[in-house]
Amino acid sequence: MRSLKLVLFCSIISIAVKSQDIKDWIKDPVEYVNPLMGTQSSYELSNGNTYPIIGLPWGMNYWTPQTGKNGNGWQYTYNSNKIQGFKQTHQLSPWMNDYGQFSILPTVGKPEIDQEKRASWFSHKTEEAKPYFYKVYLADYDVWTEIAPTERAAVMRFTFPETDKANVILDAFDKGSYVKIIPSERKVIGYSTRYARGKMENFKNYFVLQFDHDFVAQNVWNDKEILASNTEIKADHVGALVQFGHLKKGEQVTVKVASSFISQEQAEINLNEINDKNFDQVKSEAKDIWNQTLNKIQIKGATPEQAKTFYSCLYRSVLFPQKLYEKDKHGNIQHYSPYNGKVLPGYLFGGTGFWDTFRALYPLLNLVYPSINVEMQKGLISVYQEGGFLPEWSSPGYADIMIGNNSASVVSEAYLKGLRGYDAEILWQALKHGANNEGPISAVGRKGVEDYNKMGYVPTDTGINESAARTLEYAYDDYAIYEFGKALKKSEAELQPYKSRAMNYKKLFDPKYNLMRGKKKNGDFQDNFDPFEWGNAFTEGNSWHYTWSVFQDIDGLKELMGGKNNFVKMLDSVFVMPPTFNTNYYKEVIHEMREMQIVGMGQYAHGNQPIQHMLYLYNYAGQPWKSQYWVRQAMDKLYKPTPDGYCGDEDNGQTSAWYVFSALGFYPVTPASMQYVLGAPLFKSIKINLENNNSITIDAPKNSDKNIYVDQLKLNGKNHSKNWLDHFELLKGAKLKFEMTEKPNLKRGLSDSDAPFSISTYEK
């Protein structure tokens with residue numbers, strides 16, 4: 001009898017859990033976002049390496065509580081106990097660090113400017129983090145802090161206890177800073193010059209703080225010394241301290257904050273984004289903007305956890321790159337250029353790494369948010385004209401990190417997918433220049449381009465690291481340039497070198513291992529090859545991860561491996577091998593190795609970008625059901641809407657965009673093509689509201705945690721056996737109807753004609 005009761009009880013619980021699916025369209029998606037997702041990270045292990053970003057989509061400035069020391073890339077970590085300030089930030093990741101930062105902190109009692117001594121205990125129990133709003137209780141001061149953002153400004157509200165000793169401390173950071181207090185205007189102005197990457201001329205982040213209470217005392221400070229009678233100071237590390245008169249319990253002090261990379265006057269103009277609005281108005285408007293942005297993709301039939309994960313990932317997908325342009329008093333677009341130190345007209349964006357984001361982030365923008373990418377393409381024109389090369393990493397100017405020439409993909413894909421309204425010819429010249437020249441730093445242009453153009457690969461023995469990875473990425477980038485040139489109707493003579501180089505991946509394929517392998521200048525393969533060695537000829541991965549980086553010609557790779565069966569065996573092998581790694585090159589266990597090791601998926605390393613598309617490659621060999629299985633496994637196991645919610649670095653939108661696309665049921669394996677490769681949708685219903693006023697509806701009514709396989713797909717009412725979807729067909733407005741089942745359909749998507757794009761087959 002007891003066992004019967006237990007069975008009945010478990011059945012009821014099971015039904016209750018299943019009934020939690022969200023039945024209606026989510027209308028307030030921003031409330032499903034958890035900005036703390038991925039913040040429980042460290043140098044040794046990344047669960048995202050994120051921080052809670054309070055700002056607007058693609059905003060110029062973001063805000064975050066600061067738990068780390070000044071200059072520490074891990075500026076907020078979930079396991080910390082103390083907050084030492086609320087920081088304006090432009091940081092992409094802890095590895096890139098920040099630029100132009102400063103912080104603000106309310107305190108009570110004797111002022112303490114030392115960053116560790118002033119820090120206050122806090123608890124996540126009193127922390128409320130939303131994209132449009134942040135609130136936390138500073139326990140040591142009995143003060144509540146709230147933040148609400150605009151694109152270039154923010155308003156902070158501090159609720160104090162009864163006190164005669166209420167303070168606000170401004171920290172302008174080191175490396176050269178300036179502050180001035182203007183008591184008659186209740187104002188503090190100044191600038192920060194700190195930045196971590198590259199070399200910039202005339203760089204300053206000018207700020208203005210406008211309070212709503214009079215100051216009864218004010219001081220500037222220098223490093224750790226409060227100066228008695230000064231209201232202005234310029235030195236290596238300075239700040240300001242303002243104090244208020246008697247405050248009643250619950251009395252609120254509000255400060256409006258704005259900044260500019262152009263001038264102090266422009267910072268004042270940017271403050272007009274707030275103007276006479278009160279805190280609650282700014283908060284409400286920010287929430288509305290977030291809902292408008294996130295509602296471009298609506299879902300229903302998701303569990304609450306799935307909805308939180310999805311919208312948290314979509315939130316991360318619309319943060320970077322940041323707008324670096326500002327509007328003058330006449331509304332004209334202008335920007336400070338980190339490439340030549342001048343203030344110039346036109347658009348500019350900064351803060352992204354194309355090595356990461358060309359894969360899924362930019363394809364997501366081109367499908368769902370194309371108008372912002374038109375602005376970004378205009379910004380890339382500015383970069384080329386001001387710096388001489390397109391950026392591969394910007395923070396905010398050229399950053400010498402990572403490899404590849406993947407600006408080629410970002411530029412080409414935008415034009416190929418229909419974006420217009422900018423000078424594509426200038427970008428064509430920029431791509432050709434970058435593809436045929438080394439830049440001023442190794443991460444700009446193409447390192448090793450002379451050998452690559454001559455021999456078809458970057459050799460391992462000429463002093464250039466990660467040479468095989470460079471070769472594979474250059475080959476894809478050449479494909480992208482070729483396709484862009486075709487769309488621009490360039491001559492065959494001009495296009496032929498890029499078309500030819502797109503096949504250079506073949507030069508590194510070693511049939512002995514069925515894997516990519518570094519090659520020496522004399523044509524021999526690199527000695528002492530270990531396919532499990534991270535780095536060396538590869539970048540943050542091994543040969544098992546990089547062999548699949550033939551985005552432009554998966555069919556050609558399949559043939560090199562001996563055809564469909566062998567190709568599938570190689571794909572299967574990734575998951576059955578132990579998570580072995582060789583540290584000879586890095587001389588330590590880098591966090592990406594550990595992240596692969598601990599998730600129980602063999603050599604599959606979703607925590608880094610090179611292999612993320614690999615799950616979709618079964619579609620090229622007539623076994624789409626295996627892609628459907630493994631993509632669902634990755635979504636279910638490797639993503640949660642929690643502080644440990646990612647399985648590696650989130651990387652300025654890329655790892656989140658992978659989830660967004662995969663939840664929709666398709667993915668851009670070859671970004672600079674017109675096709676998306678099919679997986680299976682995660683939810684029962686999805687609606688993508690396109691900017692052209694059409695919509696894509698995706699229905700999978702039988703979808704569940706068990707029904708993960710596609711039995712049948714109908715596109716606009718007709719059976720669709722292809723393992724891909726066409727971009728322009730979707731833009732016309734499309735209705736996708738997935739029949740989902742618990743068992744794979746072993747007869748669907750089998751033929752060669754069902755396989756997605758590969759240049760070697762489509763160019764025949």
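None of the figures in this text is laboratory data; all of them are computed from the coordinates on show. Because the structure is predicted, anything quoted here is derived from the model rather than measured. Methodologically, a virtual Cβ is constructed for each residue, glycine included, from the backbone with ideal geometry; neighbour enumeration extends over all protein chains shown.
Structural remarks
- When the GluC sites (Glu not before Pro) in segment 588-680 are filtered for DSSP coil states and for at most 12 other beta-carbon atoms within 10 Å of their beta-carbon, the remaining sites are Glu588.
- Taking the Cα centre of segment 168-232 as origin and assigning +1 to Lys and Arg Cβ atoms and -1 to Asp and Glu Cβ atoms, the resulting dipole is close to 360 debye.
- Per-residue ³J(HN,Hα) for segment 365-374, Karplus 6.51 cos²θ - 1.76 cosθ + 1.60, θ = phi - 60°, Hz, x for Gly and Pro: 4, 5, 7, 9, 10, x, 5, 5, 6, 4
- Remark: spin-label model distance Ser721-Ser753 equals 0.7 nm, labels positioned 7 Å along the Cα→Cβ axis.
- A straight line joining the Cα centroids of segment 324-389 and segment 421-466 runs 21 Å.
- Placing unit charges on the Cβ atoms of the charged side chains and taking the dipole of the chain about its Cα centre, the candidate lying farthest along the positive direction among Ala621, Val550, Ala258 is Ala621.
- Cβ-based charge dipole, the chain, positive-most Cα from Ala634, Leu508, Pro459: Ala634
- Neighbour cut-off at most 10 other Cβ (10 Å), DSSP loop, GluC sites (Glu not before Pro), segment 128-200: none
- Gain in span if fully extended, His246 to Asn528, counting 0.36 nm per residue against the direct Cα distance: 94.1 nm
- Recomputing mean projected area of the Cα convex hull in nm² from the coordinates shown identifies the correct label among (i) 41.0; (ii) 32.6; (iii) 34.6 as (iii).
- Calculated FRET efficiency, Ser184 to Glu588, Cβ-Cβ distance, R0 = 60 Å: about 0.60 to the nearest 0.05.
- Each Cα pair under 8 Å and six or more residues apart adds its sequence gap; the mean of these over the residue count of the chain is a relative contact order of 12 percent.
- Unit charges at the beta carbon, dipole of segment 52-292: most positive-side option, Asn79, Met200, Thr145: Asn79
- The helix-only estimate of mean residue ellipticity at 222 nm for the chain, built from DSSP H runs of length n ≥ 4 each weighted as -39500 (n - 2.57), is -8500 deg cm²/dmol after division by the residue total.
- Computed from point charges on the beta carbon alone (+1 for Lys and Arg, -1 for Asp and Glu), the dipole magnitude for the chain about its Cα centre is near 1920 Debye.
- Sum of side-chain charges, Phe279 neighbourhood, beta-carbon under 13 Å (Lys, Arg +1; Asp, Glu -1): +1
- Dipole magnitude for segment 52-292: computed about the Cα centre from +1 point charges on Lys and Arg Cβ and -1 point charges on Asp and Glu Cβ, it is near 420 debye.
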